[in-house]
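Scroll down for the structure; my scribbles are underneath it.
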Amino acid sequence: SRTPVNVTVTGAAGQIGYALLFRIASGHLLGPDTPVRLRLLEIPQAVKAAEGTAMELDDCAFPLLAGIDIFDNPTDGFAGANVALLVGARPRTKGMERGDLLAANGGIFKPQGEAINAGAADDIKVLVVGNPANTNALIAQRHAPDVPAERFTAMTRLDHNRALTQLAKKAGVAVTDIAKLTIWGNHSATQYPDIFHARIAGKNAADVVDDRTWLADTFIPTVAKRGAAIIEARGASSAASAANAAIDHVHTWVNGTADGDWTSMGVVSDGSYGVPEGLISSFPVVCKDGAWEIVQGLDVNEFSRARIDASVQELAEERDAVRELGLI
Ligand code: NDP
């Protein structure tokens, strides 16, 4: 049997953690042939709740689950980690300024980056889910100078999946008929879901839909504001779909994108498409052999350009703010 892969999950006792851990342990993150060892990281006050979740994981008797350890500090939590899912973050509370939010999260993601740098496995892959995810990923990445920058990613797969379903409904097709959809920019209300390069059963999606008003006034805002709509409807956040997207993100990163398709990931920019080098921004990426690459050479029309620029501008402002706070 294979050596277990060490998967560290932060915020393990939270809502997303509860929806995520059982699927990791049942083999949906890395596949049915890969045993996993879970390393749950929580703040000291939440360790007891994490222990409760660990009891339930034990009670599932998952064949692929090789062990569970619980930690209250990042140094131990990330030691030997092959995959790290950074879910725990400081939520925005009423009246909180953006600077306060970024500072609070800097206090979490800086030491986590340092701990990953010091003790994670050489093949470490990091996904940041906790918001503001792109900038939290940037902070962690900048404090892990010995880890290749491309190992730090931020989640826009939930936005990507949301966009897939909205487009499939509009076009009256199955989600599996759609390829090459893209989320650009920040995982925030400024994100830009782009269908101009998407294909529906081999045809251009924007041509198939042929409805700019729907695109601008319905599709884009529905995808961008979906999280708020779910909170409004169910009285709780979209934890299960966020967990599902985290599973999808890592699964695709490890196992590759399908031929003729790509996915969306927040990754370190190399300057492609006018996104300043070093920002962690969402791009169309293909994954192969455990690595991602930004899809090159796409034409960006005026409609898309304005929206990508606005979201990237927001990312640049967040970067400048954390720089001013001395967090990077
Ligand atoms: P959740 O598990 O619901 O959410 C965790 C993070 O994921 C938040 O930053 C949240 O952002 C973000 N997120 C991203 N996408 C989504 C989405 N689609 N729907 C909902 N959330 C999304 O939060 P809980 O409060 O239930 O749990 C957080 C846990 O993290 C707590 O147990 C806490 O103790 C722990 N924690 C651990 C830390 C550590 O390990 N060092 C540090 C800080 C906290 P948003 O705020 O925008 O909803």
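Since every read-out is calculated from the coordinates, none of them should be taken as a lab result. Every value quoted in this text rests on a predicted model; they were computed, and no experiment measured them. Using ideal geometry, Cβ is built from the backbone for each residue, glycine included, and neighbour counts are taken over all protein chains shown.
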Completion exercise
For the stretch 172-178, Karplus-derived ³J(HN,Hα) couplings (6.51, -1.76, 1.60; θ = phi - 60°; whole Hz; x for glycine and proline) come out as x, 10, 7, 4, 6, 7, 9
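If you average the sequence gap of Cα pairs under 8 Å that are 6 or more apart and divide by the length of the chain, what percent do you get for the contact order? Before the final figure, lay out the partial values.
Values: 649 pairs, mean separation 56.0, N = 328.
Here the relative contact order equals 17 percent.
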Completion exercise
One finds the C-alpha centres of the stretch 105-140 and the stretch 252-299 to be spaced, in Å, by 19 Å
Problem - Calculated from backbone phi, Karplus (6.51, -1.76, 1.60) coupling profile of the stretch 143-155 in Hz, x at Gly/Pro - result: 9, 10, x, 8, 9, x, 4, 6, 7, 9, 10, 10, 8
Practice task
Search the structure for amide H atoms under 5 Å from the amide H of residue 125, placed 1.01 Å from N in the peptide plane, and list their residues when 5 or more places away or on another chain.
Solution key: 83, 84
Handout entry: Whole-Hz couplings from phi, Karplus 6.51/-1.76/1.60, listed for the stretch 254-264; x for Gly and Pro
Key = 6, 9, x, 7, 5, 4, x, 9, 8, 10, 10
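What's the exposure ranking of 232, 318, going from fewest to most Cβ atoms within 10 Å?
On the way: 232 9, 318 23.
Fewest-to-most ranking of 232, 318: 232, 318.
When the Cα atoms of the stretch 1-147 are enclosed in a convex hull and the volume is divided per residue, what value in Å³ results? Walk me through the intermediate numbers first.
On the way: hull volume 14.3 nm³, N = 147.
Taking only Cα atoms, the stretch 1-147 has a hull volume of 98 Å³ per residue.
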Practice task
Return, ordered by residue number, the residues of the stretch 295-328 whose backbone nitrogen is under 18 Å from a label point located 7 Å along Cα→Cβ of residue 98.
Solution key: 307-328
Completion exercise
For the pair residue 313 and residue 210, the simple spin-label estimate (label points 7 Å beyond Cα toward Cβ) gives in nm 3.4 nm
Completion exercise
Low-density loop trypsin sites (Lys or Arg not before Pro), the stretch 1-56, at most 16 other Cβ within 10 Å, DSSP non-H/G/I/E/B, are 2
Problem - the stretch 157-318: relative contact order in percent, alpha carbon pairs under 8 Å with at least 6 residues between - result: 26 percent
Exercise for the section: Could you list 211, 177 in order of exposure, starting from the residue whose Cβ has the fewest other Cβ atoms within 10 Å? Expected result: 211, 177
Problem - Descending principal axes extents, the stretch 217-318, alpha-carbon based, whole Å - result: 41, 33, 26
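Based only on other Cβ atoms within 10 Å, what is the fewest-to-most ordering of 213, 34?
Numbers: 213 8, 34 15.
Least crowded to most crowded, the residues run 213, 34.
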Handout entry: Rg(Cα) / (2.2 N^0.38 Å) computed for the chain, rounded to two decimals
Key = 0.96
Practice task
With the Cα gyration tensor of the stretch 236-286 in hand, give its eigenvalues times 5 under a square root as the equivalent ellipsoid semi-axes, listed largest first in whole angstrom.
Solution key: 23, 16, 8
Practice task
Specify the angular offset, from 0 to 90 degrees and rounded to the nearest 10, of the alpha carbon long axis of helix 98-119 from the longest principal axis of the alpha carbons in the chain.
Solution key: 60 degrees
Practice task
List every residue whose amide H lies under 5 Å from the amide H of residue 265, counting only residues 5 or more places away in sequence or on a different chain, with H placed 1.01 Å from N in the peptide plane.
Solution key: 283, 285
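Over the stretch 121-245, what is the mean sequence separation of C-alpha contacts under 8 Å (at least six apart), divided by residue count, expressed as relative contact order in percent? List each step's numbers first, then the result.
Working: 145 pairs, mean separation 25.0, N = 125.
Worked out over the stretch 121-245, it gives 20 percent.
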